[in-house]
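Peer 1: This is the structure, below, for whatever I ask next.
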Amino acid sequence: MSSDATQKQTRARRKAASFAVLGAAAMLALSFASAPLYRMFCAATGFGGKTQVAKVAPARMGERTLTVRFDANVARDLPWRFEPEVAKLTLRTGQTATVIYKVANLSDHETRGVAAYNVSPEQAGAYFDKLVCFCFQEQKLAARESAEWPVVFFLDPALESDAMMRRVEEVTLSYSFFAAKSAPPAASAAPTRTMSEAAEKPKS
């Protein structure tokens, strides 16, 4: 190969590498600029394990049965104890289920928290529908206050038609609470009841 041809090939490779670097930088900048749009996309499609919000339960149940596991985490700067009452549930697609998360403020002052949440595997997020969830609003607890927060959800029977869900037998719903720094929020969209109230409620 002649020296001219070698130089041309080298220049072409450098140009291609420069375009690749510029393209990567542009994509990175776009991802930061469009973060709100990205979050909206995730919420609408389940991409990244984001769950869905439903207003009504499905009219029918599906045929498949899956296990849903529940995970709870708290950031180090939030003095809360936070855990689900059960580690897992087994249910059919389309079946509405309720799981209670128990939470307690371990400090001597009021604290506020905001929940981040997702579902794994990621493709299951598009079919995990919540009817009631404490994660829709910032939550607050008075000093040493305890509460029980419900999550009402179902797995959309439509997942049975998704080839990517064919081998999925287990789904994990994960919550992580972080300290909130904002002003006092509006009333929570999810009903809550204290642990003492739950203890007084007669069992059926």
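Peer 1: Taking the simple approach of a point 7 Å from Cα along Cα-to-Cβ for both D162 and S146, what is their distance in nm?
Peer 2: Result: 3.7 nm between the two label points.
Peer 1: While we're on this one: Mind jotting down the distance between the C-alpha centroids of region 104-123 and region 148-163, whole Å?
Peer 2: So the two Cα centres are separated by 21 Å.
Peer 1: While we're looking at this one, here's another question. Here are some pairs, K88/K140; K130/K181; K88/K181; K102/K130; which of them have Cα atoms lying more than 24 Å apart in this structure? Provide the component values of the computation, followed by the final result.
Peer 2: Values: K88/K140 26 Å; K130/K181 26 Å; K88/K181 32 Å; K102/K130 18 Å.
Result: K88/K140; K130/K181; K88/K181 exceed 24 Å.
No lab work stands behind these numbers, since they all come straight from the coordinates. Owing to the predicted nature of the structure, the values given are computational and were not obtained by experimental measurement. FYI the Cβ positions are ideal-geometry reconstructions off the backbone, even for glycines, and counts take in every protein chain you see.
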